[in-house]
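Let me begin by presenting the structure, written as structure tokens, before commenting on it.
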Amino acid sequence: MKVAYYPGCSLHATARAYDESIRAIAGPVGLELEEIDDWNCCGATAYMNVNEIMSFALTARNLALAAKTGLPVVSPCSACYTNLRKTEKYLSEFPSIKSKVDQALAAGGVRYDGGVVTKHFLQTIVEDVGLDKVRSLLKHPLTGIKVAPYYGCQIVRPYGIQQNGEEPVMFERLIEALGATAVPYAMKTVCCGGSLMGTREKVALRLCRNILLCAQQAGADCIAVTCPLCQMNVDTYQGRVNDAYGTSFRIPVVYFSQLMGLAFGLDAKAIGLYRGEVPATALLATGT
Amino acid sequence: VTSAEPTVLYERSLDLDLLSEISHVPGIEKVRDCIQCGTCSGSCPVSWAMEDTPRKVFALIRAGMRERVLDGTAIWTCASCYQCGARCPRKIKITDVMYALKRRAIRENRKHSRAAQALSRSFVRVVSKYGRNHETALMAEFLMRARPFSALRELPVGVKLMAQGRLPLGGQRVRDIDGLRRIIAKAEELGGEE
């Protein structure tokens, strides 16, 4: 299956491991990733604070470029995913926004007529690749590993992967298909704080501490994530959470695509396993 | 909120226009439908850090307490996680309302808005330059704008990320950067509120 791949900016920098692991597992699962030519930033949440038409226009340019490929878009970053889905919806529902965005695009010689379907990479794996295919590729089933699936916020909200965002199970099903155990815990769809780690650090640290605490109490060996910012907040700032709360968390935070790579027997380096702050090497021992 | 603050405002100090100021936001009129049930505040993962919770913010808007809304901490505590709006029984697009209030407050250079302003401005500047977010440049610029005197505290984080190969020095530039800049400029002009 061929898809239009929209990595987003983080996957070329702080979330490089996400990109590396996605590219490593794409071949085995039968996905051909055609990177959208000349894509730009989605605007994240920062643009919405300044000017909402700028935010919609940035994303609409990406949708227009994707439309040229005629392929469904796959986005691994939850923030990009939300912007793509929200922009598509607002352009079709609100003519006042559409006419302004059309004018802005025209200034750059771009035109978008709508209709692009965007999926999060997790959805592509579960819905399009299918879990039977995933199971058929297991070389080192993750037997005995307890994983806390952390959906984060964006992909299970109004523009998200399912109609009702309250009790998603897609992630758990994937983890079980890899041979691991998905542990239930209360924080799986509660926000990590996102960019508040920069603007209101104490608030974000408390959210991350709650995620880590609940995952630890559930007996998780690691937390699996679907978003670059979640990975960075819960992993890179784990030490600062410990400093602030007098805790001693040391829970690896990995992308679900890295878990897939491990289970498929891929080289740990090829899936960026050493790019995290809390070492994920303990996961290697069980799989092999 | 201190005990000295009046809980009753005189009519002349009320400002009932805040809703109409942000009336271009689709669905904003639904704020009038709010039944004050508090599902938003109860669902919000960060309402504990707000002086006025989301439910109160809606009450304050309708009561004409414009200053308190725009100078409050609620809008800057909102992480845009969409949980409130997903559960609102009146289907108010609460995150969109919060965004509109943030834009207002930034334009008026309100209390507590400094860090968010620094982040947004740095982000917009980096994206205008490259077309993509050059995270290394963004972090550096944001810190210098937001808290120049404690920016060095973040150095160890930067060093670690760099050692992990996650903070490239060079940025990637969009090929059609001129076209993109024209789109951004036009959008800025058309989206300039009110």
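Derivation of every value follows stated rules applied to the coordinates shown; laboratory data play no part. Given the structure is predicted, the values throughout are model-derived calculations rather than measurements. We place every Cβ from the backbone using ideal geometry, glycine too, and count neighbours over all the protein chains shown.
Dipole size of region A:33-85 about its Cα centre, with +1 on Lys/Arg Cβ and -1 on Asp/Glu Cβ: approximately 160 debye, rounded to the nearest 20. Round to the nearest 10 and give me the degree value, 0 to 90, for the angle of helix A:52-69's Cα axis relative to the longest principal axis of chain A. Helix A:52-69 sits roughly 90 degrees off the main axis of chain A.
In region A:122-244, with Lys and Arg counted as +1 and Asp and Glu as -1 at Cβ, which of these residues, A:155, A:137, A:239, has the Cα nearest the positive end of the dipole, that is, farthest along it? So the residue we want is A:239.
Only beta bridges with both residues in the protein assembly as shown are counted; by DSSP, about 0 percent of them are antiparallel. Over chain B, dividing the summed -39,500 (n - 2.57) contributions of all DSSP H runs of at least 4 residues by the number of residues returns a 222 nm mean residue ellipticity of -15000 deg cm²/dmol.
Assuming charge only on the beta carbon of Lys and Arg (+1) and of Asp and Glu (-1), the dipole of the protein assembly as shown about its Cα centre is about 560 debye to the nearest 20. The magnitude of the dipole of region B:21-168, with charges of +1 and -1 set on the Cβ of Lys/Arg and Asp/Glu and taken from the Cα centre, is near 140 debye. Backbone amide hydrogens, once placed in the peptide plane, bring residue A:147 within less than 5 Å of A:181, A:182, A:183, A:221, excluding anything fewer than 5 places away on its chain.
For chain B, averaging the sequence separation of C-alpha pairs within contact (under 8 Å, six or more residues apart) and dividing by the residue count gives a relative contact order of 18 percent. Scaled against 2.2 N^0.38 Å for its residue count N, the alpha carbon radius of gyration of chain A is 0.99. By definition, a body whose alpha carbon gyration tensor gives a ≥ b ≥ c is rounded when a/c is under 1.5, and region B:5-119 falls into this rounded group. Residues whose amide H comes within less than 5 Å of that of residue A:255, counting only those at least five positions distant or on another chain, are A:225 (H built at 1.01 Å from N in the peptide plane). Given an 8 Å cut-off on Cα distances and at least 6 residues of separation, report the relative contact order of region A:107-248 as a percent. Relative contact order comes out at 26 percent.
Give me the distance between the Cα centres of region B:152-193 and region A:1-46, rounded to whole Å. Spelled out, the Cα-based centre of one part sits 17 Å from the other.
Calculate log10 I(q)/I(0) of region A:1-121 for q = 0.09, 0.19, 0.20, 0.23 Å⁻¹, where I(q) comes from the Debye formula with a single equal point scatterer on each Cα and nothing for solvent. Debye curve over Cα of region A:1-121, log10 I(q)/I(0) at q = 0.09, 0.19, 0.20, 0.23 Å⁻¹: -0.24, -0.99, -1.08, -1.36. For the Cα atoms of chain B, what angle does the longest principal axis make with the long axis of helix B:135-146, in degrees from 0 to 90, nearest 10? Its long axis makes an angle of about 50 degrees.
Remark: spin-label model distance residue B:63-residue A:32 equals 6.2 nm, labels positioned 7 Å along the Cα→Cβ axis.
Rounded to a whole number of µm²/s, how large is the Stokes-Einstein D of region B:104-194 at 10 °C and 1.306 mPa s, given Rh as the Kirkwood radius over C-alpha pairs? Mind showing how you got there, number by number?
Details: Rh = 14.8 Å.
Taking Rh from Cα pairs, D becomes 107 µm²/s.
When the pairs A:2/A:269; A:139/A:269; B:30/B:56; A:98/A:119; A:188/B:160 are compared against a 19 Å limit on Cα-Cα distance, A:2/A:269; A:98/A:119; A:188/B:160 fall above it.
A Cα-only calculation for chain B places Rg and Dmax at 19.5, 60 Å. GNM on chain B, C-alpha springs below 10 Å: top fluctuator among B:138, B:161, B:70? It is B:161.
Under 12 Å from the Cβ of residue A:59, count the other residues' Cβ atoms, weight Lys and Arg +1, Asp and Glu -1, and hand me the total.
Cβ neighbours under 12 Å give a net charge of +2.
Relative contact order, whole percent, for chain A stands at 20, derived from Cα pairs under 8 Å and 6 or more residues apart. Seen from a random direction on average, the alpha-carbon convex hull of the protein assembly as shown projects onto 21.9 square nanometres. A cut-off under 14 angstrom between Cβ atoms defines the neighbours of residue A:40, and their net charge, with Lys, Arg +1 and Asp, Glu -1, is +2. If you take the alpha carbon atoms of region A:160-261 and fit the smallest convex hull around them, that volume is 102 Å³ per residue.
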